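Enquirer: Can you keep this structure in mind? I'll have questions shortly.
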Amino acid sequence: MSENPTSHRFGHVALLGRPNVGKSTLLNTLIGSPLSIVSPKPQTTRHRILGIATREDAQIAFLDTPGLHLGGKRAMNRQLNRVARQVPDEADVLVHVIAAPRWTDEDEQVWNLLVRHPVPRLLAINKIDRIKEKAELLPFVARITEAHDYAAVHYLRATHGDGVESLLADIVARLPLAEARYEEDELTDRSERFLAAEAVREQLMLRLSDELPYATSVEIERFEQTGDLARIAAAIWVERAGQKAIVIGAGGAQLKAIGIGARKRMEHLFGSRVFLELWVKVRENWSDDEASLRQFGYSD
(Lines give C-alpha, C1' and ligand atoms only; values in the text may rest on other atoms or scores of the structure.)
Protein backbone atom coordinates (compact mmCIF):
# COMPACT_ATOMS: atom_id res chain seq x y z
CA MET A 1 0.00 0.00 0.00
CA SER A 2 1.22 3.52 -0.72
CA GLU A 3 -0.15 5.48 2.23
CA ASN A 4 2.19 7.77 4.12
CA PRO A 5 2.50 6.17 7.59
CA THR A 6 3.07 9.59 9.16
CA SER A 7 -0.54 10.58 8.44
CA HIS A 8 -2.48 7.38 7.76
CA ARG A 9 -4.11 5.45 10.60
CA PHE A 10 -4.95 1.77 11.02
CA GLY A 11 -6.32 -0.22 13.92
CA HIS A 12 -8.76 -2.77 15.24
CA VAL A 13 -11.94 -1.56 16.93
CA ALA A 14 -14.07 -3.95 19.00
CA LEU A 15 -17.82 -3.45 19.29
CA LEU A 16 -18.96 -5.01 22.54
CA GLY A 17 -22.18 -5.10 24.52
CA ARG A 18 -24.91 -7.30 25.87
CA PRO A 19 -27.20 -9.09 23.40
CA ASN A 20 -29.63 -7.12 21.22
CA VAL A 21 -28.21 -3.61 21.63
CA GLY A 22 -27.54 -3.15 17.89
CA LYS A 23 -23.84 -4.02 17.50
CA SER A 24 -24.30 -5.78 14.17
CA THR A 25 -26.49 -3.00 12.79
CA LEU A 26 -23.82 -0.52 13.86
CA LEU A 27 -21.07 -2.55 12.17
CA ASN A 28 -23.03 -2.67 8.91
CA THR A 29 -23.60 1.08 9.03
CA LEU A 30 -19.94 1.81 9.81
CA ILE A 31 -18.65 -0.21 6.85
CA GLY A 32 -21.53 0.63 4.52
CA SER A 33 -22.44 -2.99 3.75
CA PRO A 34 -24.85 -5.58 5.26
CA LEU A 35 -22.04 -7.93 6.31
CA SER A 36 -23.21 -9.01 9.75
CA ILE A 37 -26.61 -10.67 9.95
CA VAL A 38 -29.30 -8.82 11.89
CA SER A 39 -32.56 -9.86 13.53
CA PRO A 40 -34.71 -8.56 16.41
CA LYS A 41 -33.74 -11.60 18.49
CA PRO A 42 -30.87 -11.48 20.99
CA GLN A 43 -27.74 -13.56 20.39
CA THR A 44 -28.11 -13.43 16.61
CA THR A 45 -24.33 -12.99 16.29
CA ARG A 46 -22.46 -16.18 17.17
CA HIS A 47 -18.99 -15.43 15.80
CA ARG A 48 -16.30 -12.79 15.74
CA ILE A 49 -17.03 -10.87 12.54
CA LEU A 50 -14.37 -8.60 11.04
CA GLY A 51 -15.64 -5.77 8.85
CA ILE A 52 -13.22 -3.42 7.10
CA ALA A 53 -13.82 0.27 6.41
CA THR A 54 -11.26 1.89 4.10
CA ARG A 55 -10.92 5.68 3.77
CA GLU A 56 -8.22 7.94 2.40
CA ASP A 57 -6.95 8.79 5.87
CA ALA A 58 -7.53 5.48 7.65
CA GLN A 59 -8.44 1.84 7.49
CA ILE A 60 -10.52 0.51 10.39
CA ALA A 61 -10.92 -3.19 11.12
CA PHE A 62 -14.13 -3.46 13.14
CA LEU A 63 -14.77 -6.55 15.25
CA ASP A 64 -18.40 -7.44 15.88
CA THR A 65 -18.88 -9.85 18.77
CA PRO A 66 -21.56 -12.06 20.30
CA GLY A 67 -23.41 -10.32 23.10
CA LEU A 68 -21.84 -10.98 26.49
CA HIS A 69 -24.64 -12.42 28.60
CA LEU A 70 -25.35 -13.82 32.03
CA GLY A 71 -27.00 -17.21 32.49
CA GLY A 72 -27.16 -19.81 29.77
CA LYS A 73 -25.62 -23.10 30.85
CA ARG A 74 -25.21 -24.84 27.50
CA ALA A 75 -21.91 -25.26 25.66
CA MET A 76 -23.07 -22.78 23.02
CA ASN A 77 -23.58 -20.06 25.63
CA ARG A 78 -20.13 -20.67 27.07
CA GLN A 79 -18.59 -20.48 23.58
CA LEU A 80 -20.32 -17.17 22.77
CA ASN A 81 -19.01 -15.64 25.98
CA ARG A 82 -15.49 -16.97 25.29
CA VAL A 83 -15.45 -15.24 21.89
CA ALA A 84 -16.74 -11.98 23.36
CA ARG A 85 -14.10 -12.01 26.10
CA GLN A 86 -11.19 -12.72 23.72
CA VAL A 87 -11.87 -9.93 21.23
CA PRO A 88 -10.78 -6.93 23.38
CA ASP A 89 -7.23 -8.33 23.38
CA GLU A 90 -7.04 -7.53 19.65
CA ALA A 91 -8.41 -3.99 19.83
CA ASP A 92 -6.84 -0.53 19.73
CA VAL A 93 -10.18 1.08 20.62
CA LEU A 94 -13.13 -0.43 22.50
CA VAL A 95 -16.70 0.68 21.80
CA HIS A 96 -19.22 -0.31 24.46
CA VAL A 97 -22.67 -0.33 22.84
CA ILE A 98 -25.71 -0.07 25.12
CA ALA A 99 -29.39 0.45 24.33
CA ALA A 100 -31.08 3.50 25.77
CA PRO A 101 -32.52 3.97 28.29
CA ARG A 102 -31.24 0.93 30.24
CA TRP A 103 -28.06 -0.06 32.06
CA THR A 104 -28.30 -3.71 33.11
CA ASP A 105 -26.21 -6.22 35.04
CA GLU A 106 -25.00 -7.51 31.67
CA ASP A 107 -23.91 -3.98 30.69
CA GLU A 108 -21.94 -3.85 33.94
CA GLN A 109 -20.37 -7.21 33.09
CA VAL A 110 -19.21 -5.81 29.75
CA TRP A 111 -17.70 -2.78 31.52
CA ASN A 112 -15.82 -5.08 33.90
CA LEU A 113 -14.30 -6.74 30.84
CA LEU A 114 -13.38 -3.47 29.10
CA VAL A 115 -11.78 -1.82 32.12
CA ARG A 116 -8.99 -4.41 32.11
CA HIS A 117 -7.67 -3.10 28.80
CA PRO A 118 -5.51 0.08 28.69
CA VAL A 119 -6.93 1.42 25.41
CA PRO A 120 -9.55 4.15 24.75
CA ARG A 121 -13.05 3.11 25.76
CA LEU A 122 -15.99 4.83 24.07
CA LEU A 123 -19.62 4.56 25.16
CA ALA A 124 -22.10 4.36 22.28
CA ILE A 125 -25.70 4.78 23.44
CA ASN A 126 -27.83 3.30 20.69
CA LYS A 127 -31.60 3.42 20.08
CA ILE A 128 -31.89 6.92 21.52
CA ASP A 129 -35.16 7.32 19.63
CA ARG A 130 -36.68 5.11 22.33
CA ILE A 131 -36.33 7.96 24.83
CA LYS A 132 -39.44 10.07 24.28
CA GLU A 133 -38.50 12.69 26.86
CA LYS A 134 -34.99 13.80 25.94
CA ALA A 135 -34.63 15.47 29.35
CA GLU A 136 -34.32 11.94 30.77
CA LEU A 137 -31.19 11.25 28.73
CA LEU A 138 -28.77 13.55 30.56
CA PRO A 139 -29.33 12.18 34.09
CA PHE A 140 -29.18 8.63 32.65
CA VAL A 141 -25.78 9.36 31.08
CA ALA A 142 -24.57 11.21 34.16
CA ARG A 143 -25.23 8.17 36.36
CA ILE A 144 -23.24 5.95 33.99
CA THR A 145 -20.26 8.25 33.47
CA GLU A 146 -19.91 9.08 37.17
CA ALA A 147 -19.20 5.41 37.86
CA HIS A 148 -17.43 4.42 34.61
CA ASP A 149 -14.43 6.07 32.98
CA TYR A 150 -15.22 6.41 29.26
CA ALA A 151 -13.09 8.60 27.00
CA ALA A 152 -16.21 9.89 25.22
CA VAL A 153 -19.95 9.30 24.87
CA HIS A 154 -21.79 9.07 21.55
CA TYR A 155 -25.53 9.03 20.90
CA LEU A 156 -26.72 6.82 18.05
CA ARG A 157 -29.66 5.64 16.05
CA ALA A 158 -27.67 3.09 14.09
CA THR A 159 -30.58 1.91 11.95
CA HIS A 160 -30.75 5.40 10.40
CA GLY A 161 -27.07 6.31 10.68
CA ASP A 162 -27.68 9.09 13.20
CA GLY A 163 -24.51 9.88 15.17
CA VAL A 164 -22.42 7.29 13.32
CA GLU A 165 -20.18 9.76 11.46
CA SER A 166 -19.26 11.49 14.72
CA LEU A 167 -18.44 8.15 16.33
CA LEU A 168 -16.34 7.13 13.32
CA ALA A 169 -14.37 10.40 13.37
CA ASP A 170 -13.64 9.93 17.08
CA ILE A 171 -12.49 6.34 16.50
CA VAL A 172 -10.16 7.32 13.65
CA ALA A 173 -8.58 10.06 15.73
CA ARG A 174 -7.66 7.49 18.41
CA LEU A 175 -6.14 4.86 16.09
CA PRO A 176 -2.36 4.33 15.78
CA LEU A 177 -0.48 5.83 12.86
CA ALA A 178 0.10 2.93 10.48
CA GLU A 179 -0.35 1.75 6.92
CA ALA A 180 -3.42 -0.21 5.79
CA ARG A 181 -3.18 -3.98 6.12
CA TYR A 182 -6.02 -4.95 3.79
CA GLU A 183 -6.66 -4.28 0.12
CA GLU A 184 -8.92 -1.36 -0.66
CA ASP A 185 -11.81 -3.56 -1.81
CA GLU A 186 -11.62 -6.10 1.03
CA LEU A 187 -14.70 -6.17 3.24
CA THR A 188 -13.96 -9.03 5.64
CA ASP A 189 -11.60 -11.91 6.35
CA ARG A 190 -14.49 -14.38 6.34
CA SER A 191 -14.94 -16.86 3.49
CA GLU A 192 -17.89 -16.98 1.12
CA ARG A 193 -18.82 -20.35 2.66
CA PHE A 194 -19.11 -18.70 6.05
CA LEU A 195 -21.17 -15.81 4.65
CA ALA A 196 -23.47 -18.28 2.87
CA ALA A 197 -24.12 -20.16 6.12
CA GLU A 198 -24.83 -16.89 7.91
CA ALA A 199 -27.30 -15.87 5.17
CA VAL A 200 -29.31 -19.03 5.81
CA ARG A 201 -29.11 -18.60 9.57
CA GLU A 202 -30.35 -15.01 9.29
CA GLN A 203 -33.52 -16.28 7.63
CA LEU A 204 -33.96 -18.84 10.41
CA MET A 205 -33.68 -16.06 12.99
CA LEU A 206 -36.16 -13.86 11.12
CA ARG A 207 -38.75 -16.49 10.19
CA LEU A 208 -38.85 -18.90 13.13
CA SER A 209 -40.54 -17.92 16.38
CA ASP A 210 -39.64 -18.19 20.04
CA GLU A 211 -36.67 -20.39 20.93
CA LEU A 212 -36.47 -22.48 17.74
CA PRO A 213 -33.80 -20.34 15.97
CA TYR A 214 -31.41 -21.03 18.85
CA ALA A 215 -31.75 -24.77 18.24
CA THR A 216 -30.57 -24.41 14.63
CA SER A 217 -27.17 -24.23 13.00
CA VAL A 218 -26.13 -24.20 9.34
CA GLU A 219 -23.34 -26.21 7.70
CA ILE A 220 -22.29 -25.64 4.08
CA GLU A 221 -21.78 -29.06 2.51
CA ARG A 222 -20.95 -27.90 -1.02
CA PHE A 223 -19.87 -24.59 -2.54
CA GLU A 224 -18.96 -24.62 -6.23
CA GLN A 225 -18.40 -21.49 -8.32
CA THR A 226 -18.76 -21.89 -12.09
CA GLY A 227 -18.56 -18.62 -13.97
CA ASP A 228 -21.18 -16.28 -12.49
CA LEU A 229 -23.13 -19.12 -10.83
CA ALA A 230 -22.51 -20.39 -7.29
CA ARG A 231 -24.00 -23.82 -6.49
CA ILE A 232 -24.45 -24.12 -2.74
CA ALA A 233 -25.80 -27.01 -0.66
CA ALA A 234 -26.47 -26.36 3.03
CA ALA A 235 -27.67 -28.48 5.92
CA ILE A 236 -29.83 -26.88 8.60
CA TRP A 237 -29.24 -28.76 11.84
CA VAL A 238 -31.91 -28.93 14.56
CA GLU A 239 -32.03 -30.76 17.88
CA ARG A 240 -35.33 -32.67 17.64
CA ALA A 241 -37.50 -34.26 14.96
CA GLY A 242 -40.39 -31.96 15.83
CA GLN A 243 -38.20 -28.96 15.08
CA LYS A 244 -37.36 -30.39 11.66
CA ALA A 245 -41.05 -30.45 10.74
CA ILE A 246 -41.45 -26.80 11.78
CA VAL A 247 -38.45 -25.64 9.74
CA ILE A 248 -39.75 -27.47 6.66
CA GLY A 249 -43.33 -26.23 7.15
CA ALA A 250 -46.54 -27.39 5.51
CA GLY A 251 -45.75 -28.67 2.05
CA GLY A 252 -42.20 -27.38 2.41
CA ALA A 253 -43.39 -23.75 2.35
CA GLN A 254 -41.26 -22.53 5.28
CA LEU A 255 -38.06 -24.08 3.94
CA LYS A 256 -38.75 -22.63 0.50
CA ALA A 257 -39.19 -19.12 1.97
CA ILE A 258 -35.97 -19.50 3.96
CA GLY A 259 -34.14 -20.53 0.81
CA ILE A 260 -35.48 -17.63 -1.25
CA GLY A 261 -34.50 -15.06 1.38
CA ALA A 262 -31.03 -16.56 1.86
CA ARG A 263 -30.40 -16.80 -1.89
CA LYS A 264 -31.22 -13.12 -2.40
CA ARG A 265 -28.80 -12.09 0.34
CA MET A 266 -26.05 -14.31 -1.09
CA GLU A 267 -26.50 -12.88 -4.58
CA HIS A 268 -26.19 -9.37 -3.15
CA LEU A 269 -23.04 -10.28 -1.20
CA PHE A 270 -21.33 -12.35 -3.90
CA GLY A 271 -22.37 -10.38 -6.97
CA SER A 272 -23.33 -13.57 -8.80
CA ARG A 273 -26.29 -15.87 -9.33
CA VAL A 274 -26.85 -18.53 -6.67
CA PHE A 275 -28.46 -21.97 -6.88
CA LEU A 276 -29.20 -23.00 -3.30
CA GLU A 277 -30.27 -26.40 -1.99
CA LEU A 278 -31.32 -26.83 1.65
CA TRP A 279 -31.83 -29.92 3.79
CA VAL A 280 -32.91 -30.18 7.42
CA LYS A 281 -31.14 -32.71 9.63
CA VAL A 282 -31.42 -33.72 13.29
CA ARG A 283 -28.62 -34.01 15.83
CA GLU A 284 -29.83 -34.33 19.40
CA ASN A 285 -28.66 -31.52 21.69
CA TRP A 286 -25.96 -30.31 19.30
CA SER A 287 -25.78 -26.92 21.08
CA ASP A 288 -24.58 -28.60 24.28
CA ASP A 289 -22.01 -30.82 22.58
CA GLU A 290 -18.45 -29.50 22.17
CA ALA A 291 -17.66 -31.81 19.23
CA SER A 292 -20.74 -30.64 17.32
CA LEU A 293 -19.87 -27.02 18.01
CA ARG A 294 -16.40 -27.54 16.53
CA GLN A 295 -17.88 -29.26 13.46
CA PHE A 296 -20.27 -26.35 12.90
CA GLY A 297 -17.47 -23.79 13.17
CA TYR A 298 -17.96 -22.53 16.73
CA SER A 299 -14.33 -22.86 17.74
CA ASP A 300 -12.98 -19.34 17.04
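The values are calculated or read from the model by the stated rules, or taken from the named source; none is laboratory data. Nothing here was measured: the structure is a model prediction, and the numbers come from that model. Note that we place each Cβ from the backbone using ideal geometry, even for glycine, and neighbour counts take in every protein chain shown.
Enquirer: Within segment 75-83, is even one residue touching a helix residue (DSSP H, G or I) at 6+ places or on another chain (Cβ under 7 Å) and closer than 24 Å to A199 by Cβ?
Expert: The answer is yes; a qualifying residue exists.
Enquirer: Quick test of your reading of the structure: G71 fulfils all but one of (1) buried (at least 21 other Cβ atoms within 10 Å of the Cβ); (2) closer than 21 Å to S217 by Cβ. Name the failing condition by number.
Expert: Checking G71 against (1) buried (at least 21 other Cβ atoms within 10 Å of the Cβ); (2) closer than 21 Å to S217 by Cβ, the one that fails is (1).
Enquirer: Looking at segment 115-140 only, could you name the residues that are of a type outside the set (K, R), within 18 Å of G22 (Cα to Cα) and at pLDDT 95 or above?
Expert: Correct list: L122, L123, A124, I125, N126.
Residue-by-condition table, conditions (1) over 30 Å from G32 (Cβ atoms); (2) of a type in the set (F, W, Y); (3) outside the structural domain of M76 (by TED's automatic domain parsing); (4) modelled with pLDDT under 95:
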position	(1), (2), (3), (4)
A250	yes, no, yes, no
A257	no, no, yes, no
G261	no, no, yes, no
K264	no, no, yes, no
L269	no, no, yes, yes
L276	no, no, yes, no
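Enquirer: May I pose another question? Quick test of your reading of the structure: F140 fulfils all but one of (1) aromatic (F, W, Y); (2) surrounded by fewer than 18 Cβ atoms within 10 Å (Cβ to Cβ); (3) within 30 Å of E211 (Cα to Cα). Name the failing condition by number.
Expert: (3)
Enquirer: Run down K23, K41 and say which single residue is touching a helix residue (DSSP H, G or I) at 6+ places or on another chain (Cβ under 6 Å) and either more than 24 Å from A199 (Cβ to Cβ) or touching a residue at least 60 places away in the same chain (Cβ under 8 Å) (or both).
Expert: Every option except K41 fails the conditions.
Enquirer: Let me ask another. Return the total of residues in segment 84-118 being in a loop (DSSP other than H, G, I, E, B) and hydrophobic (A, V, I, L, M, F, W, C).
Expert: Going through segment 84-118 one residue at a time, the tally reaches 4.
Enquirer: Right, here's the next one. In this structure, does D185 turn out to be of a type in the set (D, E) and in the same structural domain as A61 (by TED's automatic domain parsing)?
Expert: Against the criterion (of a type in the set (D, E) and in the same structural domain as A61 (by TED's automatic domain parsing)), D185 does not qualify.
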